[in-house]
């Protein structure tokens with residue numbers, strides 16, 4: 001093979017798609033331990049979002065206003081690019097561009113909305129955003145406790161499983177080969193780079209690319225490269241027409257509040273509400289297992305939250321609960337790297353914002369491998385190297401402290417109480 005890719009999720013598939021599109025004669029193969037889309041690509045919350053894992057203010061602080069602005073403009077374009085490819089390739093992914101509505105649900109969340117908008121104004125991106133009053137927001141969605149919101153058109157909802165399977169078909173149509181149910185035990189870079197599996201080796205003469213995201217941490221050499229953090233989701237039964245009238249939400253925006261512990265909502269194409277949260281506890285040693293895909297306490301909180309957002313839905317049934325790990329880098333910054341000497345590349349670190357970001361990252365990595373000057377190689381994520389996570393048990397102690405700390409902050413503020421005494425420490429350690 002010319003190119004071998006570890007990982008059959010969005011990262012590997014987008015990279016493969018753009019490599020094959022630029023060079024139809026390329027010999028390319030993807031190796032996936034389970035099936036295409038087994039991980040976050042096939043079970044996410046359906047947000048094709050222009051949000052980047054690092055906040056706009058921190059991007060500006062780290063890289064300067066011009067670099068931050070260019071990166072966010074590239075993210076806006078990535079949302080539309082996903083829709084364009086779905087149309088070109090006939091991928092029926094239920095793509096719908098309804099935008100993103102970030103709500104301030106309580107007075108304590110209003111400063112977050114204002115701060116984000118001010119950062120976009122400083123970057124000259126105010127035409128992409130609307131600062132909304134409580135009344136404006138309630139015209140869009142009839143949720144409780146709304147005191148304001150921030151809206152951008154640059155976001156879409158989609159069916160993640162249909163997108164990932166459609167991408168796989170598009171890659172195969174262009175000549176790519178996908179090996180499912182094939183576990184890789186080691187990746188060896190070099191002139192004859194190879195992926196080592198139980199059944200043999202897959203050799204690549206031009207590039208060996210690692211796109212395993214959170215699951216990459218199962219390889220010893222990458223145990224500390226990312227933190228596998230679980231995001232959990234519940235799905236309601238289809239709402240009746242009367243229930244939708246009570247909820248509103250006619251424009252299908254991707255909804256979120258500004259909780260530290262994160263919540264996100266999608267109105268699905270078949271008339272359900274998908275509600276996601278980050279409440280599941282981190283396991284010692286970055287452990288990943290199927291048993292962690294469901295966490296009863298977190299799912300119970302999600303069920304309660306749906307009714308708290310929308311009281312007319314009291315008694316609604318939940319038909320599905322699931323979850324999975326997302327890859328979190330130590331500095332929250334996605335990385336797209338390729339070393340021409342070792343012919344090894346890596347693409348990772350979306351922190352749960354990977355649907356559109358992986359498209360941008362895949363185009364960037366394809367350009368680095370193919371030495372195509374696309375302009376994307378000037379973005380801050382190009383050739384970025386995040387620091388490694390701390391060794392255990394320090395990693396577990398810090399991450400669990402932050403998880404509990406952010407939950408305590410949310411609970412205190414939502415109860416109208418002051419932040420806990422250690423809130424400054426928690427917020428500084430978790431700054432992104």
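The values are calculated or read from the model by the stated rules, or taken from the named source; none is laboratory data. Keep in mind that this is a model prediction, so the values were computed, not measured. Every residue, glycine as well, gets a Cβ built from its backbone with ideal geometry; the counts of neighbours run over all protein chains shown.
Details
- Contact map, the stretch 82-98: first residue under 16 Å from residue 356 (Cα atoms), second residue modelled with pLDDT under 95 and assigned to a helix (DSSP H, G or I), Cβ cut-off under 8 Å, separation 6 or more or different chains; the map is empty.
- Selection count, the stretch 61-82, where residues are in contact with a strand residue (DSSP E or B) (Cβ under 8 Å, 6 or more places away or on another chain) and either at pLDDT below 95 or surrounded by fewer than 19 Cβ atoms within 10 Å (Cβ to Cβ) (or both): 0
- Selection of strands (runs of 3 or more DSSP E) fully inside the stretch 161-214 by the criterion of at least 1 residues being farther than 15 Å from residue 36 by Cα and in contact with a helix residue (DSSP H, G or I) (Cβ under 6 Å, 6 or more places away or on another chain) returns 207-210.
- Of 271, 276, 248, all but one fail to be surrounded by fewer than 19 Cβ atoms within 10 Å (Cβ to Cβ), outside the structural domain of residue 9 (by TED's automatic domain parsing) and within 27 Å of residue 165 (Cβ to Cβ); the exception is 271.
- Hey, residue 382 within 23 Å of the chain's Cα centre (by Cα) and surrounded by fewer than 22 Cβ atoms within 10 Å (Cβ to Cβ) or not: yes
- Qualifying residue in the stretch 50-60 (condition: out of contact with any helix residue (DSSP H, G or I) (no Cβ under 7 Å at 6 or more places or on another chain), surrounded by fewer than 19 Cβ atoms within 10 Å (Cβ to Cβ) and part of a helix (DSSP H, G or I)): yes
- Only one of the numbered conditions (1) touching a strand residue (DSSP E or B) at 6+ places or on another chain (Cβ under 6 Å); (2) within 29 Å of residue 314 (Cβ to Cβ); (3) surrounded by fewer than 21 Cβ atoms within 10 Å (Cβ to Cβ) is not met by residue 128, and that is (2).
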